[in-house]
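What follows is one structure encoded as structure tokens, with my remarks underneath.
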Amino acid sequence: MTNDMETLLARRKQFLGPGLRQFYDFPFRPVRGEGVWLYDEAGRAYLDAYNNVPHVGHAHPDVVAALSRQAAKLNTNTRYLDQTIVDYADRLQGTLPDGLDVCLFVCTGSEANDLAWRLARAFTSGDGLIAMLWHEEVFSVAWSYRATRPHTLANVGDSGELITRILEVCGAVVFRGGSSRRKSRQREYVLVEMVRHMRETRRVVYGVTVDGSNGPYHVVKPGALFIARKCGKPVVLVRTWAKRNLHLPTWDRMAIPLPFNQIRQYLLGPYSVPEDGADPERFETFRRELEVRLVELAQASTRWPT
């Protein structure tokens with residue numbers, strides 16, 4: 001490490017605080033970006049598959065021109081009346097499914113996730129909820145919602161072991177004993193344990209892949225709604241989907257987002273299990289209603305404007 005780098009690190013800790021972490025043990029100091037590349041002081045190029053802008057590229061001329069035009073004209077905030085942001089929200093809503101009709105603009109994905117959970121909690125006056133999603137998006141959603149430290153469920157097989165490790169890297173609390181091809185006492189036990197945990201622990205957010213670990217594909221199993229009814233907690237429907245994915249040859253064609261991508265995050269709800277949800281017929285009607293909405297949300301997420 002050069003003397004200049006050590007000096008900059010020391011000043012960084014002094015003026016920005018020691019808690020501001022870096023991505024790499026050896027400090028990476030890019031000085032410019034172009035397209036999908038970042039360059040250091042020596043002119044070495046690094047392929048950028050992580051940063052927040054690689055789907056349009058660094059220093060994209062159209063983006064630079066738009067920023068320059070706006071900065072030269074007006075730089076203010078949303079507390080004032082402005083037509084541009086209203087027109088932008090109107091265009092965005094034209095690409096979204098029914099029910100998503102208000103735009104709240106934030107700066108980062110983590111901020112968006114945090115705001116979504118806060119809105120759901122405020123609306124329900126509760127401190128816990130159950131998020132329902134499809135198994136095919138588990139790789140995307142685990143990282144996207146890591147800031148919420150979700151609690152979730154994984155099966156006891158080999159695939160469940162792999163998924164558990166990924167989830168734990170993302171900060172999740174994982175219960176083992178998800179659905180299987182046969183009736184399992186372990187599965188019944190773990191649902192009871194998850195109910196107990198939610199009742200005794202504050203601010204629990206369960207993220208449940210509701211078509212299980214073996215399908216059928218896009219069929220909502222009752223476990224998540226069972227927990228919601230027993231604990232009196234709201235349910236939200238979640239979708240995290242990239243524009244371009246690699247699909248594995250599994251029953252759900254599990255999606256792995258490719259680099260230089262665009263990702264959309266959806267959250268619908270909250271929904272409450274009906275007061276008469278203990279009645280099997282009413283519970284099944286509610287399950288089917290949410291299944292239809294979650295399927296429609298998945299279909300809408302694959303339609304990207306050209």
Helix 185-200 against the longest principal axis of the chain: what's the angle in degrees, Cα atoms only, rounded to the nearest 10?
70 degrees
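Residue separation times 0.36 nm, minus the C-alpha to C-alpha distance between Gln83 and Arg149: what's the value?
Using 0.36 nm per residue and subtracting the Cα-Cα distance, I get 20.0 nm.
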antiparallel share of DSSP beta bridges within the chain, to nearest 5, in %, is 55 percent
Long-range amide H partners of Gly99 with built H, under 5 Å:
none
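Over the chain, how many pairs of lysines fall under 22 Å by alpha carbon, counting only those 8 or more apart in sequence or from different chains?
Values: Lys183/Lys221; Lys183/Lys230; Lys221/Lys230; Lys221/Lys233.
Eligible lysine pairs with Cα atoms under 22 Å apart amount to 4.
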If R0 is 30 Å, what FRET efficiency do you get for Ala65 and Leu16 from their C-beta distance, rounded to 0.05?
0.45
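Just to confirm the filter: which GluC sites (Glu not before Pro) across region 1-66 are DSSP coil and have at most 12 other Cβ within 10 angstrom of their Cβ?
Numbers: sites: Glu6, Glu34, Glu41; in loops: Glu41.
Filter output for region 1-66: Glu41.
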For region 23-52 and region 75-102, distance of Cα centres in Å
33 Å
Starting at the first residue of region 215-224, write each ³J(HN,Hα) from the Karplus equation 6.51 cos²θ - 1.76 cosθ + 1.60 with θ = phi - 60°, in whole Hz, x for Gly and Pro.
x, x, 4, 6, 10, 6, 7, x, x, 4
Applying the Karplus parametrisation 6.51 cos²θ - 1.76 cosθ + 1.60 with θ = phi - 60° to the phi angles of region 293-298, what ³J(HN,Hα) value in whole Hz is obtained for each residue in order, glycine and proline being reported as x?
5, 6, 5, 4, 5, 5
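Gain in length, Ala122 to Gln262, computed as 0.36 nm per residue apart minus the alpha-carbon separation, to one decimal in nm? Numbers along the way, then the final one.
Numbers: separation 140, 0.36 × 140 = 50.40 nm, distance 2.93 nm.
Full extension from Ala122 to Gln262 adds 47.5 nm.
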Sequence-distant or interchain residues sharing an amide H contact under 5 Å with Tyr271, placed H: which?
Val235, Val236
Placing one equal point scatterer on each C-alpha of region 106-301 and summing with Debye, one gets log10 I(q)/I(0) at q = 0.12, 0.14, 0.16, 0.19 Å⁻¹ equal to -0.55, -0.77, -1.04, -1.57
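Coordinate-derived values only; no laboratory data. Everything numeric in this text was worked out from a predicted model, so none of it was measured. All Cβ positions, glycine included, derive from the backbone under ideal geometry; neighbour counts span all protein chains shown.
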